[in-house]
Amino acid sequence: MEEAVRLSAKAGLAKKAVIRKLELDDHEVKEHKRDAIVIREGLYQISDRERIFKTLCDLLKPSSHLLMTEFLSVPGKGQEERAEWGALHRTSPRLFELDELREGLSKVGFDVRVAKDETKAYKAMLLNGILRFGKTVPKEPVLRELQEWVMWEVEYWARTYNALEAGGITMHRIHAVTPMSDPTKM
């Protein structure tokens, strides 16, 4: 999130593109409707699944956009690899299935326009990132105080790749739009 704030400020959008962490009970966040919400691999970390879709819809103006990339669960596939991936999270991930995500968004009024499986591209980016990191290690040794953290990161991304490869999780890109406002009620 800090990187998004930095990039927004660098582009001169600090006041135009507000970046905040979503807390379901944050009244300050709910005060102003938004034109768009972008979520990057975050829904699986939210425990209150029943409220999340309604809250997202309530935060957006009519005809506004919800854009997200999200890890989704595939029942019956890669269960062991998915469990190993989940074991590295602070709290147990609560992954949605694609149909469950579509249904939850549709139920509160979203029109799901895109739900594309981006697993292949995501795995390629992941491998490329690990490869680039591996090339830097001989040139710039990892500081002693960072070694444990770096090893955890490598393990996390290796388990993520294994779960994606086994089909236990997928990476989807979702684009949904809130309903248009009713002109008869204006």
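All of the numbers you see were taken from the coordinates with simple rules; none came from a lab. Here the structure is a predicted model, which is why all the values come from computation and not from measurement. So basically every Cβ, Gly included, is an ideal-geometry build from the backbone, and we count neighbours across all protein chains shown.
Just checking, does region 51-58 include any residue being among the β-branched types (Val, Ile, Thr) and within 30 Å of Met180 (Cα to Cα)?
Within region 51-58, one or more residues are among the β-branched types (Val, Ile, Thr) and within 30 Å of Met180 (Cα to Cα).
Whether any residue in region 143-161 is surrounded by 13 or more Cβ atoms within 10 Å (Cβ to Cβ), touching a Phe, Trp or Tyr at 6+ places or on another chain (Cβ under 7 Å) and closer than 20 Å to Leu126 by Cα is what I want to check.
The answer is yes; a qualifying residue exists.
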